[in-house]
There are 2 protein chains.
Amino acid sequence: MSERKQFRDLAEPAELHAAIDALGIDPGTQSVPLIEADGRVAAERIDAGIDVPGFDRSTKDGYAVQAADTFDASEGDPFVADLLGVVEAGDKPKTDVESGGVVSVATGAPVPPGADAVIPVERTTRLQSGAEPRIEIRTAVAPGDNIMHSGDDVAAGDRAIGPGTVLTTRDVGLLAAIGVEEVPVVERPTVGIVSTGNELVRPGEPLDDARGQIYDLNTYALAAAVRAAGGEPEVVPHIADDYDRMHETLESVGERCDLVLSSGSTSASDADVLYRVVEDHGSLDLHGVAVKPGRPTIVGEIADTAYIGLPGNPVSALSIFRTFVAPAIREAAGRPPESAPTLEGEMVAPKRYTEGRTYLLPVAVIEDESGSVLVYPVDKGSGAITSLTEADGVVEMSPETELLERGQSVTVDLFSGDTRPPSVLGIGESDPLLSRLLDRIDGPRYLSHGSREGRRRFRDGIPDFALLAPGDAEAVDGEVLGTFDREWGLIVPSGNPANVSELADLLGAESFYNLPTVSGLRSALDEALADLAAERDVSEAELADRIPGYDRTVTGVRSPARRVAQGTATVGLGLRFAASELDVDFVPLGTQTLTVVAAPDRVEKPGVRELQTVLETDLAGVIDSTPGYAP
Amino acid sequence: MSERKQFRDLAEPAELHAAIDALGIDPGTQSVPLIEADGRVAAERIDAGIDVPGFDRSTKDGYAVQAADTFDASEGDPFVADLLGVVEAGDKPKTDVESGGVVSVATGAPVPPGADAVIPVERTTRLQSGAEPRIEIRTAVAPGDNIMHSGDDVAAGDRAIGPGTVLTTRDVGLLAAIGVEEVPVVERPTVGIVSTGNELVRPGEPLDDARGQIYDLNTYALAAAVRAAGGEPEVVPHIADDYDRMHETLESVGERCDLVLSSGSTSASDADVLYRVVEDHGSLDLHGVAVKPGRPTIVGEIADTAYIGLPGNPVSALSIFRTFVAPAIREAAGRPPESAPTLEGEMVAPKRYTEGRTYLLPVAVIEDESGSVLVYPVDKGSGAITSLTEADGVVEMSPETELLERGQSVTVDLFSGDTRPPSVLGIGESDPLLSRLLDRIDGPRYLSHGSREGRRRFRDGIPDFALLAPGDAEAVDGEVLGTFDREWGLIVPSGNPANVSELADLLGAESFYNLPTVSGLRSALDEALADLAAERDVSEAELADRIPGYDRTVTGVRSPARRVAQGTATVGLGLRFAASELDVDFVPLGTQTLTVVAAPDRVEKPGVRELQTVLETDLAGVIDSTPGYAP
């Protein structure tokens, strides 16, 4: 085992931008049929080759006339003309218009020679008294009235589309109008995506937890991100940390694509060979950047093609992609820089960071009752995909900023221009019934971080509402929107082979799984254990010590039950609901009342009102269809 | 010829919305591979089926340890442990951790049984003195440090994606992380697009101007608009105004699609048969709406499928689509209502409208020096595609609003969230040299409406700059950014068969084409003619009368030259540049100086400064490569 390498001379963010710019990603241009051209970027300027319209065109249903004939015409003293002919749109006029005569013209029809104006049909009456029809004209028109002259709309030679235009519906319409059927556009840069790591498994295939396998998410998320930036992803099956295999894959992808984008294997630990492959067979321009997250980033070339190596940690990979790679792909695709959507807001919880690097702090936003934006950090730690999915954007903390204070104004760089604060934000106990209720609300966000965390965050002023267990519910100053009861107890395998029937049976149980202390359900178990200890006149700790696995916790409210269902635990803490869902047996220990508490200064928010309505009108029905719940 | 029908009982906008809602367009759901799921709409809620991670995972490169061993460790007094083994990411741990020992773990590797914390490698030193390597630990850790426990990120049973979520990069990442490979999504509604009209020709094919043919732009623009709204267009070749053909086409498209969208043939003139087809073979729910533009709109059903008939006029069709149809397609596609992008601004020119209907007034926007938004109407009249391409959005004038005053605050509904005011707006003389210069600026807009119109609009305070001919240039109060000269004269066929050599040769010319009086080039010709009249001691009008076609004008600065090149005119007013471009002969009559004038209160706008830079640095070079120009 060789000595581990340490990174030195981390590049500053500006250097990373410069190194990626210097790669000069250039996909070239291509010609596409007009029907597929919307959203593409015009590669060159396009001039009109024809006049639009190409002829003098009636803009009304009516009669083509010599304007001079009508100068004295009025409602009281109409001018009566002979009807000389009819022209529909798409017809060639057969008759010229002479003084004293008119030709019927439809909207869009060519105005016949001799006419210099069109009378709208509404200002005329058709007289059928004689052998030939005659037209009574009740208004005067001036030369040019109701005619669009040849070239009036677009004149031949006019510039129709500038180079670099992102073609909209309207541009496509204009190009069609001037008869363009093939459009020169900038090609979408093809980006080969290579995820590396022995631990990766393709979604859909089974995971071996004992080997520490995880699903390959970078390939899928990066493909989506490349597409959003205007590139065309080319996905390669993920590869193991093997030098020869990586070399072969990177070279072949580099020969086909405009950019090779890998993730993983970029750090300097023993097994990370990617940077050596690039060093040996291409060129390594930059290795390591002073940004958190995302330090072990690589920039270089392979097979004479631009190469960027992202960290394997999905949060790091996606952060670096968004901040540094996406702008380069956009530029190569000919797209204007993203109109960096931002929101101004106020930190509602403080954040300290003292490592002296630029920190792209993931944050989420929520509106207060007046619509002002409140910002809170979402930093769940290294590699948690939920620190991206629960976040709305980042606040950039410069190396000099060690603390963002509560109340401090910050600018949030949103992940997307479509990002809206959630309609309503809840934090608290994980509960399947609440989850079903929230499906009835548009755009809610609920962080099931446990009752105790809900209480803490509620006191900080972050969520609009919290779902709290007894003890926590009384400890906060809020408005109660509703309550419901859930049955909890011990989850045991189907048939209850160990004959568990009460809490005391946990003592000496073979393999128990508990929930963390932040959970309201865990509090209920702790209390029951305290009662049992009092009954037996021993300390609670002593009893807990006698339950194998009492301190072995899994996070989700269903997780212990799932372990029982999978056969990796013999008993677990859980809800009757989970037992019924997973088809295992349930030993009831009690009933717990959960309370939905709204922040007093948010009760008038539309999302909170919507939740209140759902609780008032739908709660009873949802409880009826959810096993283990009662009003 | 039957009596023309007049529309009665036009529907109000709200009724049109209701009729389209009542169609109940519903494309159903489908399953798509995750790699193609970004941007799609989740059809149902998706819960996590597994814990993420599925095992206790090291979040650092380091050593798995029993935390209790390290409680007294410090820089000065390190704890030295035996190295018992190594676990890389994707490895199954082979050795348990016991007190006094550590196992090397990589980031992402499973923490071996027995360990409850990980020491970061940076806080350790590897000692190789004895036979077996030992690890010096210089910091204390607490249980759980640098470990992400099973389910900490996502717990099995947690709601991952709510129903109706538009899947972003981050959602795709989360779905990959929980192993989802197929995603249930809302299908894109298929929209069959049928353009009708005898006058339509497919772009790329030749036009017969004499028959009043135009290119079919609605098919292309509507396909793009359908895609932008989340639908899938199915394009049918445009059809003529023939009852049986329309019936057959609409029925077969209706059988295949979720919505049939036609354009054209909806008005009540003799040749418009579409509404009769729908009345006879489907159901007609609504015909005619009190909105300008877009009155002759149809809503109904054909082949038991939703049907909407748009007007043939592209501006009307696209306006009605945007305001009434796009929201319905978005809803059917499961997308949230478009976050209606708007801009607040101030009318910089007044607009009167008194027809008592709702008017969707096309407008464009420009920023003043301080970044405030100014709004001006772009109403070029019925059917002009340029009233859409030169517009940025619409201002809705209610039937009661007869006048928008200059300075009045208005809300602009933008055509797109990406719409930005142009970097710089110019109005004035059409000129090929200026056009080349503007290619060097990002995002300019230039309306070549003629020098006189430029002068008028400049005085109204609309453009940032104007390009003006002599007479107009002196009449405005602006800052001169630059000037250049262009050579003008008469365009004659190659070889100059009629031996035209001077202005006097125009008298009695066979077929002359002129430019409109708004053009600066026309002013130059009028002046030369006045000089000739003075020389001959006759009136200018008398001379003009002797030139056949002196009042026959075509709009574009190249249009007369094009007529000569096409053989439809024997002589035309034009620039040496156009003659050289079109390879015809040129009879010089003079040189005209054009002036680029900036509005005094806009000179500090970045776009104006950019134009100034281009004029200072690039003008001479562009003049050199453009025939017929001089500094």
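Each reported figure results from applying straightforward, stated rules to the coordinates on display, with no laboratory input. Keep in mind it's a predicted model, so treat the numbers as computed, not measured. Note that each Cβ is placed from the backbone with ideal geometry, even for glycine, and that neighbours are counted across all protein chains shown.
For the pair the range A:33-75 / the range B:410-440, the C-alpha centres are spaced 21 Å from each other. A crude spin-label estimate for the pair residue A:235 and residue B:280, with each label 7 Å from Cα along the Cβ direction, gives 5.1 nm. Backbone N atoms of the range B:86-114 closer than 17 Å to the 7 Å Cα→Cβ label point of residue A:205 belong to residues B:89-92.
Roughly how many Å is it from the Cα centre of the range B:470-495 to that of the range A:298-375, as a whole number? First find each Cα centre; the distance between them is then 50 Å. Which FRET efficiency value, to the nearest 0.05, do you get for residue A:439 and residue B:29 by plugging their Cβ-Cβ distance into 1/(1 + (r/R0)^6) with R0 = 25 Å? After rounding, the FRET efficiency stands at 0.95. Annotation note: GluC sites (Glu not before Pro) in the range A:492-601 located in DSSP loop regions with a Cβ neighbour count of at most 12 within 10 Å are A:510.
Pairs of Cα atoms nearer than 8 Å and 6+ residues apart set the relative contact order; for the range B:57-148 it is 42 percent. Candidate membrane-span-like segments in chain B, meaning DSSP H helices with Cα atoms spread over at least 18 Å of their own axis and a Kyte-Doolittle mean of -0.5 or above, are B:520-536, with no membrane implied.
Using just its DSSP H runs of length 4 or more, each adding -39500 (n - 2.57), chain B gives a mean residue ellipticity at 222 nm of -6500 deg cm²/dmol after division by all residues. Each other copy holds its own label point for residue B:591; taking that point as 7 Å from Cα along Cα to Cβ, the gaps run 10.1 nm, nearest first. Using C-alpha pairs under 8 Å with a sequence gap of at least 6, the mean separation divided by the residue count of chain A gives a relative contact order of 11 percent. For the range B:455-518, report the % of Cα-Cα distances exceeding 19 Å. Of all Cα-Cα distances in the range B:455-518, 52 percent exceed 19 Å.
When the Cα positions of A:372, A:412, A:359 are compared along the charge dipole of the range A:342-421, A:359 comes out farthest toward the positive end, with charges on each C-beta of Lys, Arg, Asp and Glu.
Sequence-distant contacts, meaning Cα pairs under 8 Å at least 6 residues apart, place the relative contact order of the range B:342-421 at 44 percent.
Assign one of three labels to the range A:342-421, namely rounded, prolate or oblate, based on the Cα gyration tensor with a ≥ b ≥ c the square roots of its eigenvalues; rounded applies when a/c is under 1.5, prolate when it is not and a/b is larger than b/c, and oblate otherwise. Taking the square roots of the gyration eigenvalues as a ≥ b ≥ c, the range A:342-421 is oblate.
Between residue B:476 and residue B:354, the C-beta separation translates, for a Förster distance of 25 Å, into a calculated FRET efficiency of about 0.20.
Computed from the C-beta positions of residue B:546 and residue B:494, the FRET efficiency with R₀ = 30 Å rounds to 0.70. Can you give the longest stretch of chain B with no exposed loop site, where a site means chymotrypsin sites (Phe, Trp or Tyr not before Pro) in a DSSP loop (not H, G, I, E or B) with at most 15 other C-beta atoms within 10 Å? Free of exposed loop sites, the longest segment is B:72-631.
In this rough spin-label picture, where each label sits 7 Å from Cα along the Cβ direction, the residue A:618-residue B:537 distance is 9.6 nm. Among the listed pairs A:92/B:380; B:60/B:92; B:351/B:380; A:292/B:94; A:60/A:92, a Cα-Cα separation exceeding 22 Å is found for A:92/B:380; A:292/B:94.
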